[in-house]
1. From the residues in the range 54-100 that are touching a Phe, Trp or Tyr at 6+ places or on another chain (Cβ under 8 Å) and of a type in the set (Phe, Trp, Tyr), which one is farthest from Tyr36 (Cα to Cα)?
2. List every residue pair whose Cβ atoms sit under 7 Å apart, with the two residues 6 or more apart in sequence or on different chains, where the first one lies in the range 23-51 and is at positive phi and the second, anywhere, is among the acidic types (Asp, Glu) and open to solvent by 100 Å² or more (accessible area, probe 1.4 Å).
3. Residues that are at pLDDT 70 or above and open to solvent by less than 100 Å² (accessible area, probe 1.4 Å): which helices (runs of 4 or more DSSP H) entirely in the chain hold 2 or more of them?
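The values are calculated or read from the model by the stated rules, or taken from the named source; none is laboratory data. No experiment lies behind these values; they were computed from the predicted model shown. Positions of Cβ are backbone-derived with ideal geometry, glycine not excepted, and every protein chain shown enters the neighbour counts. Ligands, DNA and RNA are excluded from the accessible area calculation, which covers all protein heavy atoms including side chains. Shrake-Rupley method; radii C 1.70, N 1.55, O 1.52, S 1.80 Å.
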Amino acid sequence: LKSQWIITDSGNKKLVTNNQLKLHAAPSKLPTIISYDIPESRRRDRNWLRKILTEIGFNPIHQSLLAGNYILPESFIRDLKERKLLEHVHILEINKSGTLKKLT
């Protein structure tokens with residue numbers, strides 16, 4: 001069966017961008033913590049952020065807190081800026097593990 005659905009140019013650009021983000025996230029020896037507080041009215045952006053981060057390899061610690069050993073690509077920061085999410089997302093690199101020893 002052939003599908004009647006086709007991907008739009010806009011959707012294709014998003015797909016390419018998302019795949020490029022996954023390919024360009026460099027491994028890091030230090031864990032990175034990402035915390036976000038995106039309003040419910042912007043659920044689509046929250047879902048996008050969560051999807052990208054988990055595809056890169058970040059793991060959820062709490063509902064809006066993820067951790068991973070990756071250096072995020074500049075294109076990810078540009079995407080956050082384009083989506084006007086910079087004020088809602090905090091990225092921290094941890095250099096002392098404390099209770100997060102299992103991440104290192």
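1. Tyr70
2. none
3. Of the helices (runs of 4 or more DSSP H) lying wholly inside the chain, those with at least 2 residues that are at pLDDT 70 or above and open to solvent by less than 100 Å² (accessible area, probe 1.4 Å) span 43-56, 74-82.
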